[in-house]
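> Please find one structure pasted underneath; my questions will follow.
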Amino acid sequence: MITFTLIGRTGSRRPLLSSLPAVTAIRPPPRTNGGRSGCRWDTFGAWDHLLMVMEPVPSYEDLIWLFEAEPVYRYAEDERATGYELDWRELWPYTSVTFRTTRGGHDIEMDIEPGYELVRLRLHAASGAELLDLDLRGVRSVGVERIHGRELLRVDFPDNSPASTLWLRMKPDVTVVWSYNSLN
């Protein structure tokens with residue numbers, strides 16, 4: 001059995017996810033020894049690309065443990081075709097990977113791009129019917145919790161977001177709990 005709980009005000013006519021924060025850019029610190037920032041400030045006063053990263057950066061070891069499998073690197077085929085291959089770990093957090101598992105007869109899939117604050121969660125029934133598809137932007141962090149024999153995926157949002165922490169319990173059963181408070 002799968003349970004979905006969505007807590008929040010329902011008086012708005014807008015779709016519930018429409019007011020989630022969009023991905024925002026922050027000015028990165030100058031690149032220093034061991035710094036994560038690959039951005040440069042050019043002589044014209046513009047960034048060569050934007051830095052947006054979950055803080056803290058999710059632990060890929062914890063995610064592999066939770067999903068009980070290595071993720072699929074989205075661009076692996078493209079890289080092979082061009083003649084080079086990088087391990088997705090070398091590119092973490094500026095990469096896109098998909099974690100997949102089956103729990104309690106439900107297929108669970110999470111696409112994550114920590115460097116761009118993006119997460120997509122999908123749940124399908126054993127019959128293939130789609131139960132949940134969330135495209136989450138502006139995600140502050142993703143983590144794994146182990147509490148009283150339960151295994152949970154935690155998706156956190158910024159403090160000023162109307163969305164609070166999303167919990168996906170993966171063991172002993174599959175349950176999604178997420179609260180949302182419209183700013184209207």
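> Counting just the residues of region 104-134 that are among the charged types (D, E, K, R) and modelled with pLDDT under 95, which one comes out nearest to L91 (Cα to Cα)? Spell out how you get there, then give the answer.
Going residue by residue through region 104-134, those that are among the charged types (D, E, K, R) are 107, 109, 111, 113, 117, 120, 122, 130, 133.
Still in the running and modelled with pLDDT under 95: 113, 117.
On the way: E113: 11, E117: 15 Å.
Result: E113.
> Closer than 15 Å to V72 by Cα, modelled with pLDDT of 95 or more and in contact with a helix residue (DSSP H, G or I) (Cβ under 8 Å, 6 or more places away or on another chain) - does that describe any residue in region 87-94? Lay out the reasoning, then the answer.
First pass over region 87-94, keeping only residues closer than 15 Å to V72 by Cα: 87-94.
Then drop every residue that is not modelled with pLDDT of 95 or more, which leaves none.
No, region 87-94 contains no residue that is closer than 15 Å to V72 by Cα, modelled with pLDDT of 95 or more and in contact with a helix residue (DSSP H, G or I) (Cβ under 8 Å, 6 or more places away or on another chain).
> Go through (1) modelled with pLDDT under 95; (2) touching a helix residue (DSSP H, G or I) at 6+ places or on another chain (Cβ under 8 Å); (3) of a type outside the set (D, E) for L153 and report which single condition fails.
(1)
> Let me ask something else. Looking at (1) modelled with pLDDT of 95 or more; (2) in contact with a helix residue (DSSP H, G or I) (Cβ under 6 Å, 6 or more places away or on another chain); (3) hydrophobic (A, V, I, L, M, F, W, C), which one does V57 not meet, given that it meets all the others?
Of everything listed in (1) modelled with pLDDT of 95 or more; (2) in contact with a helix residue (DSSP H, G or I) (Cβ under 6 Å, 6 or more places away or on another chain); (3) hydrophobic (A, V, I, L, M, F, W, C), V57 misses just condition (1).
> May I pose another question? So the check is Cβ under 6 Å with 6+ separation or different chains; which pairs have a first residue in region 86-101 that's without any contact (Cβ under 8 Å) to a residue 24 or more places away in the chain and a second one that's crowded, with 18+ Cβ neighbours inside 10 Å and charged (D, E, K, R)?
S96/E113
The values are calculated or read from the model by the stated rules, or taken from the named source; none is laboratory data. If you're wondering where the values come from, they're calculated on a predicted model, not measured in any experiment. Glycine also receives a Cβ, built like all others from the backbone with ideal geometry; neighbour counts cover every protein chain displayed.
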